[in-house]
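Worksheet: the structure to be examined is printed underneath.
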Amino acid sequence: MATAGLWMLLVAAVLMVATGLPAWILLNAVAMVAAAIGVAAGVVPAALFTALPSRLLSLLESDLLQALPLYVFMGALLNRLPLAQALFGVARRALARTGAGAPLAGLALGGLLAPMNGSVGAGVSMFSHLLHPRLVQAGVPTAHSAALVAVASTLGVVIPPSLVLILLGDAMMRAHTEALNATHAAVRIINEQDMFRGALLPALVVALLCAWVAWRMNRSRGAAEVPAAPRASEWITAAATLLLISGLLGAVTLGYLYAVEAAAAGGVALLLYALGARLLTPARLRAILRDTLAVTGALFALLVGATVFTLVLRAFETDRWVADAIGALGGGPFTVLATVLGTIALCAFVLDAFEMIFVVIPVVMPPLLLRVPDATWVAVLTMLILQSSFLLPPFGYAVMMVRNRLAHAGHALELHAYARACMPFLLAQLAVLALVLVFPRLSGPGPEPIASAPANQPTPSDADLSELLRRQLEAPAPAAGGQK
C-alpha cells in the first residue's frame, strides 16, 4: 500500500474541485479515513494517532509562523483603509502619459500588496473587488481586466519577501536538510534569505515583462477619460505608504530585518496613521480584525490539515515510494528535475500555493535535491512553475478563481477572450522560467561549501543515494525551524 498516499492526494484534489469545501476540511477528512483503513488493514500503526498532538504542538511552536498574522494584518489595513485606492489613483495619474495608466497602476498595486495577501485565492478576492471595477471604469475590456487581476494575484508567489516565499523557503530548508543528511555533502543549508535573494532578479524580470505586456495590450486603447488629479493629501499618503511598505519589504529581502519585525513595524505604523487621520472607525476596525482572523485562521487550519495529511502519507511509506521512483529515473539530473517540476505544475491546477508547500513539496523535494543539489535554483524554478501553472488557461488556479469570482458578481466573462488576454502574460513568465533553467546563476551563485570534502571520498551512485534517503526517511521529520 505504498502508493496509498498518492491516492489520498488524488481523492482530496477531486473533492476540492467537486465540493468546493475548504481544503483543510478535506485534507483532514481524507487523512483520517485513510488512517482508519490503514490501521484496520494492519499497515498503519495505531500509535500514529497518539503521535499527532505532539507533532502539531512542535510545528506551531515555530517562531516563523508569527509572521503570518502580522502580514495578513498589514494587508487588511491596506485593503480596508483608503490607502490602496490612493495608491491606485496616484499611480494611474503618474502613468497616464503611457496610454495604459490604469493597467500599469493595477500591476504596480498587485506587486506591492500581493506579498501580504496570504495566498493566490486571497489575492483574487481582494483584487477582484479593488482593481476590476476601476480598470473597467478606465476603459479596460472585461477580459483584459480579469487577466490583470489574475496576474496581480500571482505576483505574491514570486516577489520577495511574500508569505508564500517565506513558507516555501522554510519547506526547502527542511527538504535540503534531509538531502544533506543522506548524502553528507559539505554545503550550507538553504535558508529564507537565500530564497529571497535567489528570487529577486527573476521576480524583477517577471514584473517588468508583465508591465510591458500590459502596456502593449492597452496602449492603443488609452483611458476612457483623463483621470482627475489627486489632491495633495493623496499624493502625500500614497508616497508615504509606498516608502513604508517597499522599505520594509526591501529590508526583509536584503536581510536587514526579519519578516516578523518588518510586519510588526508596518502594522503599527499603519495603525497609528489610521488613528491620527481619524480613519479607524469601530466598524472599520471590526472589519480589519475580522479579515485578519479569517485569513489567519484559514492558513493555520490548512497547516494543521496538511500536517495530518503528510503524517498519514508517511505512515503508508508513500514518501519512500516517491523517493525510490525519483531515484530510479534515468536520463540524468535534468530529466529528474523536469519530471518533478511537471508534477508540481499538474498539482497546481487544483491546489493553492500554501497547499502545494505544505503537502507536495515535503514529499518530492528531498529526493530531487539528492540528484540536483542546488537548492536555491530548484526553489526559484519551483516558484516560477507555480506562478505559470496558476495562469495557464483555462484550468489554472488563478484563472478559474477570477472567472468564478466575477461570475458570482454578475460580470459575464467570455472564455476565449479571457484566455487570449492571459496568454501573453503566461508566455512572459515561461520566458523567465526558461532563462532561469538555462542560466542557473540568475538565481544565485549555487551551493556554498562549508568544508572541503575528503579527496578520497567516492561519489555516491544513484542507488546509494536512494538507500541513504530511505534511511533518512525512517527518522521523524524535523520540526519547522525558525528564521535564519
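Here, each number is a calculation from the coordinates, and none is a lab measurement. Quantities reported herein were computed from a predicted structural model and do not represent experimental measurements. Using ideal geometry, Cβ is built from the backbone for each residue, glycine included, and neighbour counts are taken over all protein chains shown.
Grab the beta carbon distance between ALA328 and GLN137, set R0 = 51 Å, and tell me the FRET efficiency rounded to 0.05.
The formula returns an efficiency of 0.35 here.
Quick one: which residues, 5 or more positions from VAL187 or on another chain, have an amide H under 5 Å from its amide H? H modelled 1.01 Å from N in the peptide plane, none for Pro or chain starts.
Those lying under 5 Å, H to H, from VAL187 are ILE450.
Compute from the Cα atoms of the chain the Rg and the Dmax, the latter being the longest Cα-Cα distance, and quote both in angstrom.
22.8, 73
Taking R0 as 30 Å, what's the FRET efficiency between ALA338 and TRP212 from their Cβ-Cβ distance, rounded to 0.05? Provide the component values of the computation, followed by the final result.
Details: r = 28 Å, r/R0 = 0.93.
For R0 = 30 Å, the calculated efficiency reads 0.60.
Figure the gain on full extension for ALA47 and ARG219 (residue separation times 0.36 nm, minus the Cα-Cα span) and round it to one decimal in nm.
Values: separation 172, 0.36 × 172 = 61.92 nm, distance 6.34 nm.
Result for the pair: 55.6 nm of gain on full extension.
How many nm separate the modelled label positions at ALA409 and ARG97, each set 7 Å beyond the Cα in the direction of the Cβ?
Each label point is offset 7 Å from its Cα along the Cβ direction, giving 3.2 nm.
Using 0.36 nm per residue, how much length does the chain from HIS184 to LEU427 gain when fully extended, once their Cα-Cα distance is taken away?
So the chain would gain 83.5 nm between HIS184 and LEU427.
Under a point spin-label approximation (7 Å from Cα along Cα-to-Cβ), what is the ASP63-ALA229 distance to one decimal in nm?
Those two pseudo-labels are separated by 5.0 nm.
So between GLN85 and PHE300, what do we pick up on full extension, going 0.36 nm a residue minus the alpha carbon distance? Spell out each step's value before the answer.
Working: separation 215, 0.36 × 215 = 77.40 nm, distance 2.94 nm.
So the chain would gain 74.5 nm between GLN85 and PHE300.
Within the chain, which is the longest segment containing none of the GluC sites (Glu not before Pro) that sit in a DSSP loop and have at most 16 other Cβ atoms within 10 Å?
Values: sites that count: GLU61, GLU225, GLU414.
The longest such stretch corresponds to 226-413.
Under a 5 Å amide H to amide H cut-off, with H placed in plane at 1.01 Å, what residues pair with LEU257 once short-range neighbours are removed?
Result for LEU257 returns VAL252.
Identify the chymotrypsin sites (Phe, Trp or Tyr not before Pro) of segment 312-363 meeting these criteria: DSSP loop state and at most 16 other C-beta atoms within 10 Å of the C-beta.
Details: sites: PHE316, TRP321, PHE334, PHE349, PHE354, PHE358; in loops: PHE316, PHE349.
Qualifying residues, ordered by number: PHE349.
What FRET efficiency, computed as 1/(1 + (r/R0)^6) with R0 = 25 Å and r the Cβ-Cβ distance, is obtained for LEU56 and VAL17, rounded to the nearest 0.05?
Values: r = 27 Å, r/R0 = 1.09.
Efficiency computed from Cβ-Cβ geometry: 0.35.
Provide the per-residue ³J(HN,Hα) series for segment 261-273, in order, calculated from phi with Karplus coefficients 6.51, -1.76, 1.60 and θ = phi - 60°, each as a whole number of Hz, with x at glycine and proline positions.
For segment 261-273, the Karplus curve yields 5, 5, 5, 5, 5, x, x, 5, 4, 5, 5, 5, 4 Hz.
Show me the trypsin sites (Lys or Arg not before Pro) within segment 151-198 that DSSP assigns to loop and that have at most 16 other Cβ atoms within 10 Å of their Cβ.
Details: sites: ARG174, ARG188, ARG197; in loops: ARG188.
Qualifying residues, ordered by number: ARG188.
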